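Worksheet for the structure shown next.
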Amino acid sequence: MKIVLIGYGKMGKTIERLALEKGLAVIGYIDIDTVVAERMRLYTEGDIAIEFSHPDAAYDNIRQAIKAGIPVISGTTGWLDKYDEVKQLVSETDGSFLYASNFSIGVNIMFAMNEKLAAIMNQYKSYEVSVDEVHHVHKKDAPSGTALTLIDGVVAKNDSKSSWSLTEADETTIKINASREGEVYGDHRVRYASEIDTIELYHTAHTRDGFALGAITAAQWIYDNGNVRSGVFSMKDMMGL
């Protein structure tokens, strides 16, 4: 499997290192300075693109790659207002696309547990739900895509909550506490608090390797030894959750 990296920041470099350790080929990377002819050469020669770029550039990067006929794995957050347009483009081109707000296997297990817990807690209105997330100071968007996925999981199972806020909570709104500190790789906590007790679901990332390995695993799943899966997918599909 020949990988093209879209974005060559810390995540791109981590993916490259781990892919090479697995014996996979990384044939090149695309960044803001890459000319169109070089992009097209890489898309033609590559088997799959893994995109970790910038929220402002992600949609165009994804669109160009899909139109060029290469499957795309995307982990950039902060662009999902255009997600439906990507889905439509994939349908029109019979393309392949897998997006995840977080590729960590552990986080995706947390997503599944979060929905189960939310369904249970929907019966107990004395508990107030909130979400905390902490990331490194270099992260561009807040709240994190992972936090928003956790919120979506709660809202799907909670008949009184429908939105989120970074500033306050009320009967229909879930408070997200977003912090940017040092070089934190990612801490996420879902908290149900009452006057009597508190229940928490918590995940902390120790390195970037978990995110990179998940993205590589997703790429291998989509590519499937040359039998490329067509359509729009998520980590739920890959993990059978």
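Quick note: the coordinates plus some simple rules give every number you see, no bench work behind them. Note that the structure is a prediction, hence the values are computed from the model and not measured. Cβ coordinates were reconstructed from backbone atoms using ideal geometry, including for glycine residues, and neighbour counts include every protein chain displayed.
Kirkwood Rh, the range 1-51, all Cα pairs: how many Å?
Mean inverse Cα-Cα distance, inverted, gives 10.8 Å.
Pick out the long, greasy-scoring helices in the chain: whole DSSP H runs spanning 18 Å or more along their own axis by Cα, mean Kyte-Doolittle at least 0.0. Provide the component values of the computation, followed by the final result.
Values: long enough: 55-67 (19 Å, -0.84); 105-121 (24 Å, 1.21); 145-157 (19 Å, 1.12); 209-223 (21 Å, 0.81).
Qualifying helices: 105-121, 145-157, 209-223.
How big is the antiparallel share of DSSP beta bridges in the chain, given as a percent to the nearest 5?
Antiparallel: roughly 35 percent of the beta bridges in the chain.
Just to confirm my numbers, what's the Cα centroid distance between the range 71-148 and the range 152-193 in Å?
The two parts, judged by their Cα centres, are 12 Å apart.
Among ILE176, ALA212, GLY106, flag the residue with its Cα farthest along the positive direction of the charge dipole of the chain, charges on Cβ as +1 for Lys/Arg and -1 for Asp/Glu.
Projecting each Cα onto the dipole axis, the largest value belongs to ALA212.
Return the equivalent ellipsoid semi-axes of the chain as a descending list in whole Å, where each equals the square root of 5 times an eigenvalue of the C-alpha gyration tensor.
Three semi-axes, in Å: 34, 18, 16.
Cα-based Rg of the range 12-93 per 2.2 N^0.38 Å, rounded to two decimals?
The range 12-93 yields a ratio of 1.09.
Given the convex hull of the Cα atoms of the range 169-241, what is a quarter of its surface area in nm²?
Values: hull surface 32.6 nm².
Average of the hull's projected areas for the range 169-241 equals 8.1 nm².
Considering only MET121, THR44, ILE30, whose Cα is most displaced toward the positive end of the charge dipole of the chain, charges sitting on Cβ of Lys, Arg (+1) and Asp, Glu (-1)?
Towards the positive end, the residue furthest out is THR44.
Report the convex hull volume per residue for the range 62-174, counting only C-alpha atoms, in Å³.
Hull volume over Cα atoms, normalised by residue count, gives 127 Å³.
Taking the Cα centre as origin and putting +1 on Lys and Arg beta-carbons and -1 on Asp and Glu beta-carbons, what dipole magnitude results for the chain, to the nearest 20 debye?
500 debye
Which of the lysines could a cross-linker span from LYS10 if the Cα-Cα distance has to be under 23 Å and same-chain partners fewer than 8 positions apart are dropped?
In chain and number order, the partners are LYS2, LYS22, LYS139, LYS140.
If the cut-off is 28 Å between C-alpha atoms, which lysines fall inside it for LYS157, apart from same-chain ones fewer than 8 positions away?
Hits, sequence-local ones excluded: LYS82, LYS87, LYS116, LYS125, LYS175, LYS236.
Please return the longest stretch of the chain lacking exposed loop sites, where GluC sites (Glu not before Pro) count only if DSSP places them in a loop and at most 10 other Cβ atoms lie within 10 Å.
Values: sites that count: GLU168, GLU171, GLU181, GLU183, GLU195.
Longest site-free region, per DSSP loop and neighbour criteria: 1-167.
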